1. Name, by its number, the condition in (1) among the β-branched types (Val, Ile, Thr); (2) modelled with pLDDT of 90 or more; (3) not in a loop (DSSP other than H, G, I, E, B) that does not hold for residue 87.
2. Which pairs do you get when a residue that is over 17 Å from residue 9 (Cβ atoms) and without any contact (Cβ under 8 Å) to a residue 60 or more places away in the chain, found in segment 59-85, comes within reach of a residue that is surrounded by 12 or more Cβ atoms within 10 Å (Cβ to Cβ) and among the small types (Gly, Ala, Ser), reach meaning Cβ atoms under 9 angstrom, with the pair 6+ apart or on two chains?
3. Sort out which residues of segment 40-56 are surrounded by 13 or more Cβ atoms within 10 Å (Cβ to Cβ), acidic (Asp, Glu) and farther than 16 Å from residue 13 by Cα, and write them in order of number.
4. Scan 67, 2 and give me the residue that is on the phi > 0 side of the Ramachandran plot and more than 12 Å from the chain's Cα centre (by Cα).
Amino acid sequence: MGCDVYIWSGVGLRWEVVDVHDLRPFVRQCYEKPLSRHRERLRELQIPVVPDHVVDDDEEIVWVFGGTHVPAPLEPLREDRALLRVIEDLERRLASPSGSRRG
């Protein structure tokens with residue numbers, strides 16, 4: 001879809017998760033996620049981009065930046081389909097005249 005993908009987590013950099021799932025070719029960078037004062041803490045956490053579309057299980061951060069709230073995954077993971085909603089949301093957003101394609 002032409003988007004840059006960044007991974008952030010409240011428990012720090014998650015390159016090990018990216019690598020376990022062979023996703024490194026698709027992920028531009030990993031960052032620590034701001035758990036409060038989300039916008040204000042981007043600079044403090046050395047996050048040089050402002051997200052255009054957040055996918056997160058934290059409803060507050062999705063509300064702040066816009067995006068898709070996806071609940072924590074259910075077990076077994078192969079049966080969890082919540083992330084599929086992200087594709088629909090991105091397609092809808094990118095199809096709109098004001099949609100962005102940065103990240």
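1. If we test residue 87 against (1) among the β-branched types (Val, Ile, Thr); (2) modelled with pLDDT of 90 or more; (3) not in a loop (DSSP other than H, G, I, E, B), just (2) comes out false.
2. Final answer for the pair search is 74/82.
3. Within segment 40-56, 52 is the sole residue that qualifies.
4. Working: 67 fails: more than 12 Å from the chain's Cα centre (by Cα).
Selected residue: 2, the only one of 67, 2 that is on the phi > 0 side of the Ramachandran plot and more than 12 Å from the chain's Cα centre (by Cα).
The values are calculated or read from the model by the stated rules, or taken from the named source; none is laboratory data. Every value quoted in this text rests on a predicted model; they were computed, and no experiment measured them. In this analysis, Cβ positions are derived from the backbone assuming ideal geometry, glycine residues included, and neighbour counts consider all displayed protein chains.
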